[in-house]
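Accompanying notes for the structure given below.
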Amino acid sequence: MEQETSPTLDDLRTEPSPVPGVSRNVFVLGLVSLATDVASEMLYPIIPIFLTVTLGAPVAFLGLIEGIAEGTASLMKVGSGWYSDRLSVRRPLVAAGYGLSAVGKVLLATAFHWPQVLIARTTDRFGKGVRTSPRDALIADSSLPEVYGRSFGFHRAADTAGAVIGPLIGLAILQIVGQHHLRPVLLAATVPGVLSVGLLVFVRERRRPPKPEKSAAAAVARIDLSGASPVFWTFFSISLLFALGNSSDTFLILRAKDLGLSLSVVILMYVVYNAAYSLLSLPAGIVADRIGKRRLVTGGFFVYGLVYMGFALVGQGSAVWPLFLVYGVYMAFTDGQARAMVAELSPEERRGTFLGLYHTGIGLMAVAASVIAGVLWDVVGKPAPFWLGASTGFAAAALMLLLPRQRAP
């Protein structure tokens, strides 16, 4: 049997796929994320109901479970990104992350008490924390620098397509089995979750010389954050400011329901938002490669400010539809392109570390933003969290205008 040889860097970056300008690896990783997000978004709208109605948990535990789960994911991202830089290949770490998320979905489908949901959600989000930074670094490793925007845009488009398909499948199952039978949806979600892990066998990777450490203590002491462009640190700081007002999308859903819209209508709005996000992500990436990612991200921050100002001012449910649609434009402009900027401005040999730093910082700030938004909602008034988001969005856009032209280190 002929032994498989490690592909060269040029092989990874130029191997064709069905999508022009996107390498085979990036295409496969997009399919992996699509399958995972189908599973995750089948569950997203029904987990609160499953937890509080089916299992009888207090509503307070919903916030506790999601806070622990998301906090766990955020804390893992910098460590997993750094560790992937030390390994000769990133794929095993990516596979472990997707595998843990699949296990979490199986645990959720078989949960009969709310503490089991905590274990399931923490396992799922722990897997997300393990995979995100190494996967984004692998996308950059598998792309030519001049098409980073296209590659990350395609990946975001594929990932978010799952957020369109998943809720629709979940709604279809509920129409068949009845609104009060949630476990069939939970069981169905395990299928695409397991499929995502199997697809990773088609990802190829160039082996790098491993960088062993003598001990765990020495390893922590040697996390190296040197060598990044000053533009990276400025952009990272602006992103943290923006994230301070970027609270959970749950508040958008609560605002829509507060205006008298039914749960089914709100879920459909969420699908519209994700459809806009998915359809525009790849075109946004192509444009970013031509005119600069900084401009797209700046525009995205500004659009976010407009959307959140709209949610603060809106007085009737019908006006929420265009706000959710434009919210998808903001995501298409910023999510993939911010990752592309981080990859572009980071030292190649420590790309996973810097992507992990970015994801962890944004994730922890988002947890703080949601806590602040909840307090503002209860104490100041329902429009208050959206005024905060509008302010940080406009401020971040203004500061991005002062950001020097980005240069790779």
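Details
- Which numbered condition Phe232 misses (of (1) surrounded by fewer than 19 Cβ atoms within 10 Å (Cβ to Cβ); (2) farther than 14 Å from Gly389 by Cβ): (1)
- Pairs with Cβ under 6 Å, 6+ apart, first in the range 346-366 and touching a residue at least 24 places away in the same chain (Cβ under 8 Å) and at negative phi, second buried (at least 24 other Cβ atoms within 10 Å of the Cβ) and acidic (Asp, Glu): Arg350/Asp85; Gly352/Asp85; Thr353/Asp85; Leu355/Asp136
- Test result for Ala120, within 21 Å of the chain's Cα centre (by Cα), among the hydrophobic types (A, V, I, L, M, F, W, C) and closer than 20 Å to Tyr44 by Cβ: yes
- Whichever residue in the range 111-154 is at pLDDT below 90 and outside any helix (DSSP H, G or I) and, among such residues, is surrounded by the most Cβ atoms within 10 Å (Cβ to Cβ): Ala111
- For Ala390, the criteria (1) under 14 Å from the mean Cα position of the chain (by Cα); (2) closer than 27 Å to Ile291 by Cβ hold in every case but one, which is (1).
- Listed by first and then second residue, the pairs with beta-carbon distance under 8 Å, at least 6 apart or on different chains, first residue in the range 99-121 and farther than 17 Å from Ile49 by Cβ, second aromatic (Phe, Trp, Tyr), are Leu100/Phe126; Gly104/Phe126.
- Residue match in the range 15-23 (condition: part of a helix (DSSP H, G or I), buried (at least 22 other Cβ atoms within 10 Å of the Cβ) and not β-branched (Val, Ile, Thr)): no
- Selection of the range 64-82 for residues being surrounded by fewer than 20 Cβ atoms within 10 Å (Cβ to Cβ) and either modelled with pLDDT of 90 or more or among the hydrophobic types (A, V, I, L, M, F, W, C) (or both) yields Leu64, Ile68, Leu75.
- Residue identified as assigned to a helix (DSSP H, G or I), at pLDDT 85 or above, of a type in the set (Phe, Trp, Tyr) and out of contact with any Leu (no Cβ under 8 Å at 6 or more places or on another chain) among Tyr273, Tyr330: Tyr330
- Qualifying positions in the range 248-268 - crowded, with 16+ Cβ neighbours inside 10 Å, of a type outside the set (Ser, Thr, Tyr) and assigned to a loop (DSSP other than H, G, I, E, B): Leu259, Leu261
The values are calculated or read from the model by the stated rules, or taken from the named source; none is laboratory data. From a predicted model like this one, the values you see are computed outputs, not experimental measurements. Cβ: placed from backbone, ideal geometry, glycine included. Neighbour counts: every protein chain shown.
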